[in-house]
Structures are given as structure tokens and as C-alpha cells.
Amino acid sequence: MLAVTACLVPGAAWGVLLLGPAALRVLGVAVGASLAAELVVQALAWRRFTLGDGSALLTGLLVALSLPVYVPLFVPAVAAAFAAAVVKASFGGLGRNWMNPALGGRLFAAFSWPVLLAVRPQPAAGWLGLTAGLSDGSLLGGTGTAGLVSTLLLAVGGAYLLARRIAAWEIPAGFAAVFALAFWAFGGLPAGLFRGDLPSALGSGSFALAALFMATDPVTSPQGRGARLAFGAGCGALSFLLRAFGGRLEAPFAAAALMNMFVPLLDRWPARRGPR
Amino acid sequence: MKSGEFRRILWRDNPLLVYLVGLCPALAVSNRLSNALLLAAVMLFALLGTGIAAVALERWAPLRLRLPMRLLLASALVTAAQRFLWAFAPTHAAGLGIYLPLLAVNCLLLASAASGSLAESVAQAAGRGAAFAVGLGLLALAREVLGAGTITLFPIGSFGGVLRLRGLPPARVLAAAPGALLVLGYLSALSRWWSGRRS
């Protein structure tokens, strides 16, 4: 858990440098709300305090990174508290939740305050003096080189997780392969087949966050190679469909959350001397 | 009926919050408090009507005729209530939509078995109707306050019927379909905790 958090830090730091104090406020509020919600719920339920497992910290960080930087501060607070208290604690705490808490919190915000989360392409006052467009809708995001750097930093963190086998490589592989294939084939459809703008699709911060850090949550992903590939492929296909026909910002998050529901089914995938 | 028994029906045996009976209309119309109260009133009327008629009729009816009789009774009463509402309160009836006639096949109406004397049957119907109203009212109140930031009641005199609450922008997901299940889950847990607290 702490390793995953550490792998998110470079991307988060770049986002803060790029977008300035506003990003820092969103981060602080989300992490604080997640920790506070976990504390309050466990105090109310007379449970042992489990802040030490780092899961609430990670949840708050993921919720903050998946939100745009210009939201009013109560949005990250409510989303992170919902993630920790409702999505995780209501089902019995870490290890018993069926949906990734950060995904749940992000989608709660998306369906509750769609107007506040809508794209506002305005330059942010960052500390680097770079003007980053905010079209991506995640705190890491942005268009152009600056936005791509944060995605690259996320990808480096994710690659470390995959190399250490903390996250299963099959999930992001299936996710990226199916999403890229579908987007390349159908993404530029009014113009013609096989004309999708791949770099902008794969380089978005929300896609990297969902594929590398949220879909790979070991609690809410299936066991076994085939099941994981199918899980990732489903995420990819759904996020393409949701991006093409629905909200562009939360498509990867909604896709991963939808696939979370299929994990009990995918866990019955016939494993023939599986890897684990 | 003793008051302890009434309280038991209200909380520990609440048909909506504990047994999750009658969910279909409850989840659909609990987005507004006025809709919920109206549906609960129709439900109470139908429960009382079927309760009284069942005691009167089922004494001599053969066993295999009781269920069809009950279905006919329920649909007749619900249709009457629906006609009445459309005649005198068409906007409210429109707010309930298809869920008003659907009450005729609601499992709460079909499951309430008539037993014993007339007084017992009426008391039981009233208790169940009140418990359904309390559960539905709580559900609708929570959903409307959190999900829409309003409390909709019936317009009386100069009062327009809608209270607008100040505060943060409401979480719209709670007024949408998934919100109904979320809030119902928490209310159910709360009522179980409340009734298990003293026993």
C-alpha cells in the first residue's frame, strides 16, 4: 500500500508544481477527508483503527488526483469521505469492498456535481510558469508536453509496481491494448476508420491513473492470468464506449468500476495451473 | 393492539426497512417527500380496505379462492384511489405515474394475511401502513434533502409546498436511482441497530 502511494508521488508532485497551490489544496482536502472519515467510522463502529495500513491515505490521494483542479473544495472532501466510509467501510473494511474506494468516490462526484466537474480550459497559475491547459479533467492532466510529463511520471511509477509484481501486469496490458485498438480503429470515425488520435487518448492522466493504479487494486481485481486479461480488456472496451458516447472525463473510471462488478464472476475463470 | 407491538411493527418488523417488502414503488417515488407521503396514504387505504374486506369475505370463501379474491380486492381499491387522485389532484397523481396502479400487485398488500377478528385485522393493517409510511417518509426525506436540497410538501394556503434548503450543492446521485438503494441500505442498517439496541 505504501509502495503504491510512493509510486504516485512523482506524478502528484509534478501536478502540484504545474498547477500551483490550487492542486495542493485539492490534495490536502481529499487526503484529510479520507483519513478523517476512516477514523470516524471506526470510532463509531468500535473497530480497531487501521489508519496504519495506508489504505485511507492512498484512497484520498487517488481521489484527489482523479479530480480536476478547479473544483470547489467540498467536492474532493465529500468524494474522499464517501470512498472511505461508504465504499470501503460499509462492506467491512479493507479487503471486503467490491469496488475500488477511490473509483467509487470519483464516480459519486461525477454523478452528483457534473457541472462543477465540467471542463474549463483555463490556464492555471503554477509554480513552473508553464501554461497547462486543463482539458484533461484530472489533477495530473493538461494538454501538451506538460500534461504528458505527468502521465509519463505516472507510467514510471506504474512500471515500478508492475516490475515489483505489486500490481498484475495483465490488467493494464489488456486495458491499454483493447482501448488503444478500439480508439485507433473507431476514434476518428466521422473522418474514417483507423484514424484515431492515439497519443492524446493514451497520454491522458485519467487513463494512466485508472489503468495502472485503480484497476489493479488487488482487492477488486480477479485472480489468474486469463481472468485478469479479460478484466483489463473489459475495462478498455468499456472506457472506449463510454468515452465515445458518454462523459469523456470519467470514462476510464466508470469502466473500471463497472468491471469491478464482474470480478466474482471472473474469479470462476477456469485456472489451469495458474500463475498464482 | 398493545403499544409495544405497534412499536415492534414500526421498527423491528418494519416491512420496508427490515423485510424490504414493497421496494418497487418505494425506490421509485421516494425522490420527493410529497410523492412518498401520497403513496403511503394510498397504501394505508388499500391495506385497511383489503384487511376489512378479507375478514368479511374470507370467513366463508374456500381456501383456493382467497388469493384471487385478495388480488381483485387490491386492484379494485387501488384503481378507485387512482381515479380519485386523478380527479382531484392530477399533478400529484402524475408525479406517482405508473407506480400508483402498480400498487395493486404490491407484495405488501398480498402478503398481509387476515387473521382473527375485525379489530385485530384493522389494527394490523394500520400498523403495517404506518410502518410503511414511516420507512418511505424517512427514505424520501433523506434522499430529497441530500440529493435535491429541497423538501416538497403539499401547498396549503400561502405556503407553496416546496422548502428550499441552503447549503452546499446537493449530491444529485442520491436523488437518482442508485441513491435510493444506497440510502435504503443505510436506513435499514440504522433501523436494525435501533431495534437491537434495547433488546
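The values are calculated or read from the model by the stated rules, or taken from the named source; none is laboratory data. Small disclaimer: the values here were computed from a predicted structure and weren't measured. Note that we place each Cβ from the backbone using ideal geometry, even for glycine, and neighbour counts take in every protein chain shown.
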**Asked** Taking B:Ala56 and the conditions (1) surrounded by 15 or more Cβ atoms within 10 Å (Cβ to Cβ); (2) aliphatic (A, V, I, L, M); (3) assigned to a helix (DSSP H, G or I), which numbered condition does it fall short on, given that it satisfies the others?
**Response** (1)
**Fill in**
Note on B:Val42: of the conditions (1) without any contact (Cβ under 8 Å) to a residue 24 or more places away in the chain; (2) buried (at least 20 other Cβ atoms within 10 Å of the Cβ), unmet is (1)
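Condition check ((1) within 17 Å of the chain's Cα centre (by Cα); (2) buried (at least 24 other Cβ atoms within 10 Å of the Cβ); (3) not in a loop (DSSP other than H, G, I, E, B)) across all residues:
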| site | (1), (2), (3) |
| --- | --- |
| A:Ala201 | yes, no, yes |
| A:Ser206 | yes, yes, yes |
| A:Ala211 | yes, yes, yes |
| A:Val219 | yes, no, yes |
| A:Leu229 | no, no, yes |
| A:Gly234 | yes, no, yes |
| A:Ser239 | yes, yes, yes |
| A:Ala244 | no, no, yes |
| A:Leu249 | yes, yes, no |
**Request:** State yes or no: is B:Ala130 of a type in the set (Gly, Ala, Ser), at pLDDT 90 or above and out of contact with any helix residue (DSSP H, G or I) (no Cβ under 6 Å at 6 or more places or on another chain)?
**Result:** yes
**Message:** So, restricting to helices (runs of 4 or more DSSP H) that lie completely within the stretch B:97-199, which ones have at least 2 residues that are within 14 Å of another protein chain (Cβ to nearest Cβ)?
**Reply:** B:118-147, B:177-196
**Request:** Filter the stretch B:100-115 down to residues that are more than 16 Å from B:Leu16 (Cα to Cα) and modelled with pLDDT of 85 or more and give me whichever is surrounded by the most Cβ atoms within 10 Å (Cβ to Cβ).
**Result:** B:Leu100
**Request:** Could you list all residues from the stretch B:24-34 that are crowded, with 17+ Cβ neighbours inside 10 Å and either part of a helix (DSSP H, G or I) or not basic (Lys, Arg) (or both)?
**Result:** B:Pro25, B:Ala26, B:Leu27, B:Ala28, B:Val29, B:Ser30, B:Asn31, B:Leu33, B:Ser34
**Request:** Take the residues in the stretch B:1-23 that are hydrophobic (A, V, I, L, M, F, W, C) and assigned to a loop (DSSP other than H, G, I, E, B), then tell me which one is farthest from B:Ala142 (Cα to Cα).
**Result:** B:Met1
**Message:** Residues that are modelled with pLDDT under 90, surrounded by fewer than 24 Cβ atoms within 10 Å (Cβ to Cβ), more than 14 Å from chain B (Cβ to nearest Cβ) and within 19 Å of the chain's Cα centre (by Cα): does the stretch A:106-115 have at least one?
**Reply:** no
